[in-house]
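I have placed the structure first, in the form of structure tokens, so that the comments after it can refer back to it.
The values are calculated or read from the model by the stated rules, or taken from the named source; none is laboratory data. Quantities reported herein were computed from a predicted structural model and do not represent experimental measurements. Glycine gets a Cβ as well: all are built from the backbone with ideal geometry, and neighbour counts include every protein chain shown. The protein model used for the area step is the full one, side chains on, heavy atoms only, and it has no ligands, DNA or RNA in it. Shrake-Rupley method; radii C 1.70, N 1.55, O 1.52, S 1.80 Å.
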Amino acid sequence: MFPTLPRPTLIAHRGASAHAPENTLAAFELALKHNADAIELDAKLTADGHVIVIHDQTVERTTDGEGRVGSLTLEALKELDAGSFFDIAFKGERLPTLDEVFAAVGQRTIINVELTNYASLTDDLPGKVCELVKRHRLESRVLFSSFNPLALIRAHRRLPQVPIGLLAFPGSKGALARSWLGSIIPHQTLNPELGDVTPRLIERVHHSGRRVFVYTVNQPADMRRLFDAGVDGIFTDDPLLARQTLAEAV
Ligand code: G3P
């Protein structure tokens with residue numbers, strides 16, 4: 001794990017997505033301006049094998065287009081407006097490729113790449129992402145995370161020095177990942193959902209030498225509770241608010 005990462009680490013979830021369209025360069029730049037320690041983004045493959053940054057499996061919610069990301073080419077995805085859904089002031093913002101994000105902010109922050117090949121669990125996303133990390137020489141500036149254990153194992157085989165976050169689904173669906181059985185999967189951080197974090201879970205994860213990064217924490221009361229409980233990091237849509245809350249808490 002990077003020794004330079006402060007505790008708690010404030011990670012901008014899809015960028016500063018409370019104030020700019022999620023998973024766009026505008027949101028990532030704003031996260032840096034708002035003093036996030038790291039940014040988080042969602043990577044998946046286009047129909048023609050490029051790594052694009054978008055959360056959903058379909059483009060409807062965050063763009064003016066239609067269809068499944070995995071069925072659209074990079075050229076088609078690049079035509080979409082990924083800003084207007086959030087605010088007309090961001091009209092014309094494009095879906096970035098991972099290559100573009102690495103080039104724009106890779107040397108200025110830590111990037112948590114969520115491997116979101118949830119609709120195609122065995123595709124070549126881990127291999128493609130690792131190639132980009134190597135090409136940009138960002139081995140010491142990225143983290144990988146996923147709900148897909150296979151993607152984490154495959155990424156870990158290619159780049160064992162990159163820290164891994166095992167994402168646990170909320171509630172009973174994530175019980176296995178949060179239990180000792182989750183240790184079968186290589187990881188340095190357990191990333192549970194806010195509602196599943198207990199002092200006992202934090203203690204057990206710390207005892208195993210791992211860190212706890214909690215998603216998605218947007219309310220100051222939750223931030224304060226988690227900071228007090230000793231979590232190591234939070235994913236938040238609003239790193240500015242988290243920074244202010246943390247400053248008031250110490
Ligand atoms: O990485 C934390 C969080 O992003 C996981 O949930 O749905 O936003 O990918 P989701």
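Here the peptides 8-16, 112-120, 63-71 are ranked by packing, the mean other Cβ count within 10 Å, and the order with the highest first is 8-16, 112-120, 63-71.
With +1 on the Cβ of every Lys and Arg and -1 on the Cβ of every Asp and Glu, and nothing else charged, how large is the dipole of the range 108-250 about its Cα centre, in debye rounded to the nearest 20? Magnitude of the dipole: close to 520 debye. Per-residue ellipticity at 222 nm from helix content only, as computed over the chain with -39500 (n - 2.57) for each DSSP H run of at least four residues, stands at -8500 deg cm²/dmol.
Each residue of the range 201-212 was assigned a 3J(HN,Hα) from its phi angle through the Karplus curve 6.51 cos²θ - 1.76 cosθ + 1.60 (θ = phi - 60°); the sequence is 5, 4, 4, 5, 5, 4, 4, 7, x, 10, 10, 10 Hz, with glycine and proline shown as x.
Electrostatic bookkeeping for Gly83 treats Lys and Arg as +1 and Asp and Glu as -1; over the other residues with beta carbon under 12 Å from its beta carbon, the sum is -3.
Computed over protein heavy atoms with a 1.4 Å probe, the accessible surface of the range 74-128 works out to 43 Å² per residue. Here the accessible area is traced with a 1.4 Å probe on the protein chains. For the range 52-93, carbon and sulfur cover 51 percent of it. Within the range 1-154, antiparallel bridges make up roughly 30 percent of the DSSP beta bridges whose residues both belong there. Under 5 Å between amide hydrogens, built in the peptide plane, is the criterion, and for Ser84 it picks out Gly92, Glu93 among residues at least 5 positions away or on other chains. Quick one: net charge of Leu150's neighbours, Cβ under 14 Å, K/R +1, D/E -1? Around Leu150, the surrounding residues sum to +1.
For the chain, averaging the sequence separation of C-alpha pairs within contact (under 8 Å, six or more residues apart) and dividing by the residue count gives a relative contact order of 19 percent. Work out the charge dipole of the range 1-95 with +1 on the Cβ of Lys and Arg and -1 on the Cβ of Asp and Glu about the Cα centre, then indicate which of Asn23, Leu10, Leu80 is farthest towards its positive end. So the residue furthest toward the plus end is Leu10. Overall, the accessible surface of the range 138-250 at a probe of 1.4 angstrom is composed of carbon and sulfur to the extent of 56 percent.
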